[in-house]
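K.L.:
Handing you a structure now.
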Amino acid sequence: MAKVGLKDIDVKGRRVLVRVDFNVPIEQGIENLPKYDFRLRAVLPTLEYLLAQNARLVLCSHLGRPKGKIVEGLRMAPVGQRLEALLKRKVTCIPEVVGPKAQAAANALKPGDVLLLENLRFNAGEEANDPEFAKALAVLGEVYVSDAFSVAHRAHASTAGVPQYLPSAAGSLMQKEIEMLGGALAAPTRPLAALLGGAKVSDKIKVLENLLNKVDTLFIGGGMAVTFLRARGYSTGRSAVEEAQIEFARGILAEAKRCGIATNLPSEVVVAPEFKADAVPVSTVAADKIPADAYVMDIGPRTAEAFAAGLQKCGTVIWNGPMGVFEFPAFAKGTERVARALAASKARTVVGGGSTAEAVEALGLSDKMAHVSTGGGASLEFLEGRELPGIAALPDVK
Ligand code: ADP
Ligand code: MG
């Protein structure tokens, strides 16, 4: 169901409490923030829309894991400075989240002013979804807007609590995430393919189960493919196999066959004698001839070509999980090949998962995809078919 969006509520001149995700890797150093500010840039459309409506903005976010205590290195002010540069507008940062000082600062805002509250997680009430804390936050605004999709899978005070006390809406980033991920699952242009990879089957059991009765084609690479190759009866060298998941993988293969879903597993893989960046020698072997002393590091070039060709024929592709150990350049080729094919094809590609988004971003291909989710864990839970508490709490369009 569609959520109430920015255009559906009156924000003109009003104090709008906006939940954003400014959880940047602050440990990389403040001077490096411009390299890691995609989360700030991702909410600019919402902030700019609200400012164009002369709203008074009260922004709130978490940063790192302070676990309910004040941690000096996790203050929001440096992030506020970066936001100021991006917004080209003054951003006032205060060292309080809630309470009389925060209230006074919020009340003093004039149309077009921006206030950034202190780190939400300095207060234990945030992660505990304490109703008192949610109410204390809610009084800082007249309207609530959620644009933090990446924490929507957490039932926290600022995500699931506050909308119970204020007229609420989804921001444009939140709307886009719901539309793109939801649309790919509910009303895809067919054929619909799932391209799955990554480290482990066990991380993706529910994703596999949920996608299996929706897709026309399944492509499996990455470490996940290793367990599937074992399920087919091949030996897979020294690669970590999840023994407990072999039966599950077998079940998926059987179910796919029964439903007429084409399952594509690697026919050849890239192997190395050690699990490290500069392992030598690197060789390509048939999937049924993996040497006993080798690690599977990537899909082979012919498999990458075959996956690329198959994916390009699809109408929609849901991609979660790199095809190989892409952090090591020698084993990033399979991931790069499929990413380039998807970028160049007409298939609408929706990318979910933190590492997968990182890989696509590192290749400079994010703009070429229909959507790259900003929510790692949240996008996975969405693809599992779960209702996310931070979305469920927002009102539906009547
Ligand atoms: P996402 O965050 O996109 O959901 P995952 O966390 O499931 O993706 O998987 C990403 C990780 O999978 C990467 O760190 C990558 O190195 C690892 N990976 C990919 N292929 C292999 C492989 N063949 N063996 C071991 N690890 C792999
Ligand atoms: Mg991951």
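The values are calculated or read from the model by the stated rules, or taken from the named source; none is laboratory data. It should be emphasised that the depicted structure is a prediction, and the values quoted were computed from it without experimental measurement. A quick note on method: Cβ atoms are made from the backbone with ideal geometry, for glycine too, and the neighbour counts reach across all protein chains shown. The protein model used for the area step is the full one, side chains on, heavy atoms only, and it has no ligands, DNA or RNA in it. Shrake-Rupley method; radii C 1.70, N 1.55, O 1.52, S 1.80 Å.
K.L.:
With a 10 Å cut-off between alpha carbons and a GNM built on the chain, which of Val280, Val145, Val43 moves the most?
P.N.:
In this elastic network of the chain, the residue with the biggest mean-square fluctuation among Val280, Val145, Val43 is Val280.
K.L.:
Given labels modelled 7 Å from the Cα in the Cβ direction, how far is it in nm from Gln103 to Val282?
P.N.:
6.1
K.L.:
Moving to a separate point now. Give the residues of segment 194-226 whose amide nitrogen is closer than 20 Å to a point set 7 Å from the Cα of Arg302 in the direction of its Cβ.
P.N.:
219-222, 225-226
K.L.:
Run the Debye formula on the Cα coordinates of segment 21-62, all scatterers equal and no solvent, and tell me log10 I(q)/I(0) at q = 0.13, 0.15, 0.17, 0.29 1/Å.
P.N.:
The Cα Debye sum returns log10 ratios of -0.34, -0.44, -0.54, -1.00.
K.L.:
If you put +1 on each Lys and Arg Cβ and -1 on each Asp and Glu Cβ, how big is the dipole of the chain around its Cα centre, in Debye rounded to 20? Write down the numbers at each step before the final one.
P.N.:
On the way: 47 positive and 43 negative charges, 165 e Å.
Approximately 800 debye in magnitude.
K.L.:
Separation of segment 300-347 and segment 78-140 by C-alpha centroid, Å?
P.N.:
Between the Cα centres of segment 300-347 and segment 78-140 lies a distance of 42 Å.
K.L.:
Too long at a 21 Å Cα-Cα cut-off: which of Lys35/Lys110; Lys7/Lys398; Lys204/Lys289; Lys12/Lys110; Lys135/Lys398? Before the final figure, lay out each step's value.
P.N.:
Working: Lys35/Lys110 31 Å; Lys7/Lys398 14 Å; Lys204/Lys289 26 Å; Lys12/Lys110 12 Å; Lys135/Lys398 25 Å.
Violating the 21 Å limit, Cα to Cα: Lys35/Lys110; Lys204/Lys289; Lys135/Lys398.
K.L.:
State the antiparallel share, in %, of DSSP beta bridges confined to segment 188-383, rounding to the nearest 5. List each step's numbers first, then the result.
P.N.:
Details: 8 of 26 bridges.
Among the beta bridges of segment 188-383, antiparallel pairing accounts for roughly 30 percent.
K.L.:
Points 7 angstrom from Cα along the Cβ direction at Tyr49 and Thr189: gap in nanometres?
P.N.:
Label at Tyr49, label at Thr189, 2.4 nm between them.
K.L.:
Over every pair of different alpha-carbon atoms in segment 345-398, take the mean of 1/r and invert it; report that Kirkwood radius in Å.
P.N.:
Values: mean 1/r = 0.0807 Å⁻¹.
Answer for segment 345-398: a Kirkwood hydrodynamic radius of 12.4 Å.
K.L.:
Enumerate the calculated ³J(HN,Hα) couplings along segment 148-157 in order (Karplus 6.51 cos²θ - 1.76 cosθ + 1.60, θ = phi - 60°), each rounded to whole Hz, writing x wherever the residue is Gly or Pro.
P.N.:
Running phi through 6.51 cos²θ - 1.76 cosθ + 1.60 with θ = phi - 60° gives 10, 4, 5, 10, 5, 7, 10, 8, 9, 4 Hz.
K.L.:
Could I ask something else about it? Rolling a 1.4 Å sphere over the protein heavy atoms, what is the accessible area per residue of the chain, to the nearest Å²?
P.N.:
Working: 16800 Å² over 398 residues.
For the chain, the per-residue accessible area is 42 Å².
K.L.:
Once Rh for segment 188-383 is found with the Kirkwood sum over Cα pairs, what is the Stokes-Einstein diffusion coefficient at 37 °C and 0.692 mPa s, in µm²/s? Numbers along the way, then the final one.
P.N.:
On the way: Rh = 16.3 Å.
D = 201 µm²/s.
K.L.:
Where q = 0.10, 0.16, 0.18 Å⁻¹, what log10 of I(q)/I(0) comes from the Debye formula for segment 6-175, counting one point per Cα?
P.N.:
Per q value, in the given order, log10 I(q)/I(0) is -0.31, -0.85, -1.12.
K.L.:
Follow-up. Across the chain, what fraction of all alpha-carbon pairs, as a whole percent, falls in each successive 10 Å bin from zero upward?
P.N.:
Going out from 0 Å in 10 Å bins, the chain shows 5, 22, 28, 21, 15, 7, 1, 0 percent.
K.L.:
What share of the DSSP beta bridges in the chain is antiparallel, in percent to the nearest 5? Could you put the intermediate results ahead of the total?
P.N.:
Working: 9 of 46 bridges.
Rounded to the nearest five, the antiparallel share is 20 percent.
K.L.:
Here's a follow-up. How much of the accessible area of the chain, in percent, comes from carbon and sulfur atoms when a 1.4 Å probe is used?
P.N.:
On the way: 8800 of 16800 Å².
Here carbon and sulfur together make up 52 percent of the probe-accessible area.
K.L.:
Here's something else I'd like to know. Using +1 at the Cβ of each Lys and Arg and -1 at the Cβ of each Asp and Glu in the chain, identify which of Leu365, Ile205, Gly5 lies farthest towards the dipole's positive end.
P.N.:
Farthest towards the positive end: Gly5.
K.L.:
Taking Cα atoms, how many degrees apart are the long axis of helix 333-344 and the longest axis of the chain, rounded to 10 and kept between 0 and 90?
P.N.:
60
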